[in-house]
Every structure is written in structure tokens, then in C-alpha cells.
Amino acid sequence: MSAQDRFDSLAQQKLVTVGSAQSRSALHSIREIFQQREMLSLLVRRDLKSRYKDSALGFVWTLVRPLTQLLIYYVVIGQFLSAARAGGIPDFAIYVFTGLTAYGLLSETIGGGTSSIVGNAGLIKKIYLPREVFPLASVGSALFNFFIQLGILLVATLIAGAFPIHADVFYAIPALMVLLVFGMALGLFFAAVNVYLRDIQYLVEVMLLLLLWASPIVYSWSMVKNAVGDGLLLDIYTNNPITLAVLGFQKAFWTAGSGVAEYPVDLLPRLGIAFVVGLVLLAIAQRVFSKLQGNFAQAL
Amino acid sequence: MTQLQDTARPESGRAPDVVRINDVSKRFVLRKDNSLKERLVTLGRNGRRHREDFWALRGVTTSIQAGHTVALIGHNGSGKSTLLKVIGGIIDPSGGSVERRGRIAALLELGAGFHPDLTGRENVYLNASIMGLSRAVTEERFDSILDFSGIGDFIDTQVKFYSSGMYVRLAFAVAVHTDPDLLLVDEVLAVGDEAFQRKCLDKIRSFQEEGRTIVLVTHSLSQVEELCDRAILLNAGEIAYDGDPREAVAKFRDILEDRRVSQIAPGSSEKAREAIVHGATAVAAGRDAEAPLELGDDLEITMDVEHFGSTDDWMVAIQIDNTLGQVVYGTTTKRLGLELGTLSGRRQVRFVLKDNRFGTGKYFVNVSLMERSGRHFADLPQACDFDAAGNILAVGSTYAEPVFTDLSQER
Ligand SMILES: Nc1ncnc2c1ncn2[C@@H]1O[C@H](COP(=O)(O)OP(=O)(O)OP(=O)(O)O)[C@@H](O)[C@H]1O
Ligand SMILES: [Mg+2]
């Protein structure tokens, strides 16, 4: 291309204002991210690759951790502590693992998202790109690990002779949506705030630990019901979106509980409402993020 | 839109604007407390004391036309990198706006954002995709990128094991292969070895021919004069000069000199000066003051120096630069083995450069008054200049009479 051709084609293009001076609409961000989807997939792969980069076993480690967890819950808690008999939870290991799979997705999206901007400071300080891609990339790598764990779960149900072939398996879809939308909303929000206040990432760790025990993962929902009664307190506990999602997953994959375990009424509509609330939160988080992102490069 | 009429010369000034910078300011808030506790403690009225505003850019307005190579110069902390980042969209201005068009590639302060744990190859793909290249296109250009970077087998090594030069080589190679209309380069070339710098400069020249626009931050002033057709001098966040590179460099040297002098003795710069070089002249002995220097003439450089106090420990140094800012000659009274006695008050001194061999062209004389240990009392950059007369037999800064023989014919 000659200099003249270049000038001509430049003269055809419109001048665009650089940066996020005029606060960007959600639609604009989505369009920008869509244009960069190839890069997004590269970023996800980078996240996954760099995680186990210098280890000899590499990817196998992704399997080792959940498998160990499964074993611990099966042997230590299920058999030694007899949680299964005491709490009336059959196939205890699968029960716990189902809950952990759901919770793992959420904690990885939020945890990974929170540190994503700070962790990618090197890139953010050098190149302009829609910064939303970093929290989104951690959603991508969290999803990848989630599906691996789900695969292990399905194999485990197969071995236990309780493979989920029933209509309830579709509960997994709204439950997954709820987890994703909340994970993304909180991930985006904390990612932006963490740039200015690094305490956030420790706060998030504590919060995630609380969330683990605030949902029926290692104990059952009916235990809570027995303890607090059928009132407002139970409603508050139940309507926690993570509780709802975990219950949804258990209904889908923990076939040993079908007909035995107790679930809250209207689980599906509750999940629907939680999803809508999550969407609203996501919209708010996106606004906050795009307001704050203008100063990322200098605050890092 | 502006119409191009003069098609022969890209520098015709009618090229479209690639960047327009309108009254851009950038304020940094420097906070001294960064944890939640500290912020809560200093919340409210008290908090004011823990923050400090700092203006890194103030009311910068300019535009850059396509096809130009613009240097950004200025002392450390004058806002060059900040301006480049604002142009690149990496940080938002606090006031004003930047408009831009065309593809952009940026090389900001050491590297283009590589991930240390990934190999060079993986980083090339990641980086190219961030700069807007599809995977297929990157694959196509990969060999060319690798070849240009010259890092060879290291391409499959994690970049955390790269030397800083290798890092920049790869980053530069990727950036120039993304077909940018606008290339932003911040000082990165300095870490490359000589061979690579040459390669980069060649690439920049070919970019110039292709009508690409380059904005270059550099501390190498000779590079500015050699490479750029325009220079913007920043001083404390404001444009101090915008235009001819040589002029900008001269102005910049003045600023540096002022700063150096005021740093020697903080306080009023008038009092701080111990000495001054009032001026100098360079004349060919036996000719008119304005006449060019002919080959073999004696060049008389006469200097007017003054010490406000009194010193026994002093020397005079001259340095002669060509128009590219390269040193072609330099000497001092210390080299001549001279003890100059006591200097107090004003004095005229002279160097005579006998039987000169300067090549055709214009030369600048810089004068310094120094302690014998090398500390400067006073400098006068470009104190005077002279022209060496045209000689058609040769070019360059130095002259020797050329004689040609064809050895195979002689036998
Ligand atoms: N993120 C930041 N936060 C606070 N202050 C900053 C930040 N970035 C730059 N500054 C300040 O802005 C001023 C200009 O910095 P800048 O990096 O633009 O200088 P520069 O001209 O590139 O200098 P150098 O020649 O050393 O590269 C400096 O005083 C610097 O301290
Ligand atoms: Mg800089």
C-alpha cells in the first residue's frame, strides 16, 4: 500500500474519541467484547495453561483436587463420622460433591474475577482493550474446571449405580444460570473495586468461606429447617441464590435423594426470580466497572 | 474531510489528521494511604491531607497528520509517557479529549504486555490478537515476526527467561507486523543492541515511506534529529515547543541546563551561578567573520568567560557537533596539559585549531567552563557555529584528499 492509498483510506475513516471519557453503555461494551472473542478464548486458555505451567503432571492436577475431595468426603465424613446415617443423607459423597461442584464454579468466578484486573496489570498498563475481558476470562476458565468436575461427578454416579436419568436433571440448567449471573456480577464488581482497595481480595476470600457454610453442601436443607423452623429465617436461608443453585444441582444429580430428601417448595420459580435479580445486579456491576475502569492503568 | 492534492509528497501537510488532542490534562491523585483501615481512619476532612494532586499534563493541544514521524522529548517526569498512554487510550485524560483513527500499535515502556509464564510463541499469538489480528493472519506472518525478532529457538521458551533486549525484540517485531497506521514507541529501542537498533530504524524508515505515522519518545537527541520531521518538547506537562526537531532539541538543552544550574545550588538561580560563558566566536584565521572555513585554514575559537568568585582549579572545553548532533571534535585545556592560574572576573581565551580537515557542512561549537575534575561551572551549548566550505570531492564530517588508482591497469 502506498503512502497515498493509506492517507486516502484514513481520510475515509471517522475520528473516534479515545478512552472511556463518555461513559460506555452496556451494549457498547458487549459489542466490543464480541469483536474480541478470539482474544477472549486465548485469554481463557492462557489462564488455564499458566496455572499448571511448570508442573510435570500439568492438567492432571485439575482432576486430582476434586477427586481427593470426593475421597475425603466419602471416607472420612461419610464412613468414619457416619454423617450419612446420622443426617439421613444417602450416597453422602455424591451429595457433597454435587454441592461442591456448584459452589466451586461460583467461588472460582468470583475469586478469579476479583484478582483478574490486578493480576493482568502487565497487559492493562500496556495495551488498550476492553477490560471486561479479564473477569470474563476467569468465568471461562472456571467453567472449564466446572465441566471437568461435573464429568467426575457423572462417573461417580455411574459407579454408585445412580446415574441421573430423570426429568429433574433439567434443574441443573437454571441453577447453572443463576450461578453464572451472580458470579459474573460479583466478579466484575470486586475486580474493579479491588484495583483501588486491595483489601477486597481478602474480604472476598472470607466471604466465600462463609458462603460455603451458608448453603446446604455438607449438611442438608432439612437439617436447617428442623433447626430454625418454618418461618422467615428459613426463607432468608433458602432464598440465598447459592442455596437455591446448590439445591437445584442436588435435585438434578443426586438421584439417591429423589423422593427421600426434602426440598423447598417452588424451587423452580425461586431460581427464576434469583436469575432476574442476578441480571439486575450484573447490569449495575457493569456500570460500576465501566465507571472505574478509566483509571485502572494508573492505579495499578 | 481534507482533500489531498499534492500526491508526490506525503509530507505535504494536507494529509488527514491521525490524532487530535484537544486541551488534554491529566491529574494524578497521589494517596499515601492504601489500605481499608487507613482510609477509614483518614476518612472525611482529615483525608485531604493524605492526598495530593499532581498535574502530569496541562492543556495539551495539538494534532498529528498522517505520514509524520513525531518525537516527544522532555526531561524525566515531563509527561511524555503519560501523553503517549492517553493517545493510546490506556489511561483517560482528566480533561479534554483525544480523537484518533486507524489501526494503532503501541510499545510502551519495556514490552507490549507479555505473560511471563507463556512461551514467546504463545505470547505472539495473544499479543497479535489483542492488537486485532486474527489467528489465521498471525499464523501467516509468524515466520516473518520470528525472523525480524531474531530470537530464534528462544521462541518456545517462557518469556520470563528472556533478557530485556530479547523481550523488546519480540514485542517490536509483533507491533510492526500488525500493519498499524499509527505506531507509538516509548523508549523501548534503547535496550536493543546496536544491530537490532539499526534494524528498527530501518523499519521505521520503511514505515515512513509507507505513510505510516510514528510517535516516538526518546532520550536520544541525535535520533530525534535524524529520524523525525517534527518534535514536541514537553516541560512539566505543557508543550514548550512544537515544530522543527533541531530547534526543539536546542530548546530542550536550554531547559536541561537551567535545571542543572538550579539544582547545583537550590534557591534563586541567579545567585547559584558561579560562572558564566558569555559567548564565543569561530572564525577562520585571516578571513572575514562570515566567510566559510576553507580546508587547511586555522580555526580560531574565541570565548568570553567569567567567574563570579575566584578559582585556581579550572579548565576550558570545546566540543564541535555536526548537524546531526554527533560529536566530531573535542578538546580541553587539560588535555593540552595546561595550568591556567587563577580565574576571577571576566576573561577572553582562545583555541586555535590548526590546519583543519572539516568536511563540508555546518558545525556547532559547545563551550564549557569546568573544574579539572570534570564538574561543570558553566556551559554554553551551540555557543556559535561555522560553515566548512563545500568540497565536491567527498562528503562527511572529515576530509582527506581522495586519489583513485585501478591497480589491475597499472601492471
Ligand atoms: N500512575 C501514576 N500515578 C501517579 N503519578 C504518576 C503516574 N504515572 C505517572 N505519574 C507522574 O506523572 C509524571 C509524568 O510521568 P511520565 O511517566 O509521563 O514521565 P516521562 O516524561 O515519561 O518521564 P521519563 O523520561 O522518565 O520516562 C511523573 O511525575 C510521574 O510521577
Ligand atoms: Mg516515560
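The values are calculated or read from the model by the stated rules, or taken from the named source; none is laboratory data. Because the structure is a prediction, the values reported are computed rather than measured. Note that we place each Cβ from the backbone using ideal geometry, even for glycine, and neighbour counts take in every protein chain shown.
Quick notes
- The single condition among (1) outside the structural domain of residue B:315 (by TED's automatic domain parsing); (2) under 28 Å from residue B:273 (Cα atoms) that residue B:394 does not meet is (2).
- Residue B:59 vs. criteria at the interface with chain A (Cβ under 10 Å from one of its Cβ atoms) and either crowded, with 22+ Cβ neighbours inside 10 Å or touching a residue at least 60 places away in the same chain (Cβ under 8 Å) (or both): no
- Within segment A:157-167, the set of residues being within 12 Å of residue A:253 (Cβ to Cβ) and at pLDDT below 90 comprises A:160, A:162, A:163, A:164, A:165, A:166.
A quick yes/no check of all residues on (1) assigned to a helix (DSSP H, G or I); (2) free of Cβ contacts under 8 Å to residues at least 60 places away in the same chain; (3) touching a helix residue (DSSP H, G or I) at 6+ places or on another chain (Cβ under 9 Å); (4) of a type outside the set (A, V, I, L, M):
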position: A:153; (1), (2), (3), (4): yes, no, yes, no
position: A:156; (1), (2), (3), (4): yes, no, yes, no
position: A:173; (1), (2), (3), (4): yes, yes, yes, no
position: A:178; (1), (2), (3), (4): yes, no, yes, no
position: A:182; (1), (2), (3), (4): yes, no, yes, yes
position: A:185; (1), (2), (3), (4): yes, no, yes, no
position: A:188; (1), (2), (3), (4): yes, no, yes, no
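- Test result for residue B:47, more than 12 Å from ligand 1 (Cβ to nearest atom), at pLDDT below 90 and buried (at least 16 other Cβ atoms within 10 Å of the Cβ): no
- In this entry, residue B:145 is excluded by the filter for residues that are in a strand (DSSP E or B) and away from ligand 2 (no atom under 16 Å from the Cβ).
- For the condition away from ligand 2 (no atom under 16 Å from the Cβ), in a strand (DSSP E or B) and out of contact with any His (no Cβ under 7 Å at 6 or more places or on another chain), residue B:201 does not qualify.
- Selection of segment A:209-226 for residues being assigned to a helix (DSSP H, G or I) and under 24 Å from the mean Cα position of the chain (by Cα) yields A:209, A:210, A:211, A:212, A:213, A:221.
- Inter-residue pairs, beta-carbon under 6 Å, first over 16 Å from residue B:186 (Cβ atoms) and in segment B:219-243, second within 15 Å of ligand 2 (Cβ to nearest atom) and among the hydroxyl-bearing types (Ser, Thr, Tyr), 6+ apart: B:235/B:78
- From A:196, A:103, residue being in contact (Cβ under 8 Å) with a residue 12 or more places away in the chain and away from chain B (no Cβ under 14 Å): A:103
- Here B:98, B:86, B:60, B:70 are screened, and the one residue that is assigned to a helix (DSSP H, G or I) and modelled with pLDDT of 90 or more is B:86.
- Flag not set for residue B:95, criterion: touching a residue at least 24 places away in the same chain (Cβ under 8 Å), in contact with a helix residue (DSSP H, G or I) (Cβ under 8 Å, 6 or more places away or on another chain), more than 9 Å from chain A (Cβ to nearest Cβ) and surrounded by fewer than 23 Cβ atoms within 10 Å (Cβ to Cβ).
- Tabulated pairs, segment B:185-196, first within 14 Å of chain A (Cβ to nearest Cβ) and over 18 Å from residue B:72 (Cα atoms), second at pLDDT 85 or above and more than 13 Å from ligand 2 (Cβ to nearest atom), C-beta under 8 angstrom, 6+ apart or interchain: none
- Restricting segment B:204-224 to residues that are in a helix (DSSP H, G or I) and over 22 Å from residue B:18 (Cα atoms), the residue that is farthest from ligand 1 (Cβ to nearest atom) is B:222.
- Options B:390, B:374, B:341, B:396; residue that is out of contact with any Pro (no Cβ under 9 Å at 6 or more places or on another chain), in a loop (DSSP other than H, G, I, E, B) and within 30 Å of residue B:229 (Cα to Cα): B:396
- Top-ranked residue in segment B:62-78 [being within 14 Å of chain A (Cβ to nearest Cβ) and surrounded by fewer than 23 Cβ atoms within 10 Å (Cβ to Cβ); ranked as nearest to ligand 2 (Cβ to nearest atom)]: B:64
- The set of residues in segment B:74-91 being on the phi > 0 side of the Ramachandran plot and near ligand 1 (Cβ under 7 Å from one of its atoms) consists of B:74, B:77, B:79.
- Segment B:132-175, subset aliphatic (A, V, I, L, M), in contact (Cβ under 8 Å) with a residue 24 or more places away in the chain and over 19 Å from residue B:203 (Cα atoms), residue farthest from the other protein chains (Cβ to nearest Cβ): B:155
- Filter pass, residue B:107 being within 16 Å of ligand 2 (Cβ to nearest atom), buried (at least 21 other Cβ atoms within 10 Å of the Cβ) and outside the structural domain of residue B:238 (by TED's automatic domain parsing): yes
- Residues that are in a helix (DSSP H, G or I) and within 7 Å of chain B (Cβ to nearest Cβ) within segment A:118-127 comprise A:122, A:123, listed in sequence order.
- Some residue of segment A:107-117 being within 14 Å of chain B (Cβ to nearest Cβ) and either surrounded by 16 or more Cβ atoms within 10 Å (Cβ to Cβ) or farther than 30 Å from residue A:28 by Cα (or both): yes
- Residues satisfying the stated conditions in segment B:207-237, i.e. away from ligand 2 (no atom under 16 Å from the Cβ), surrounded by fewer than 24 Cβ atoms within 10 Å (Cβ to Cβ) and away from chain A (no Cβ under 14 Å): B:222, B:225, B:226, B:227, B:230
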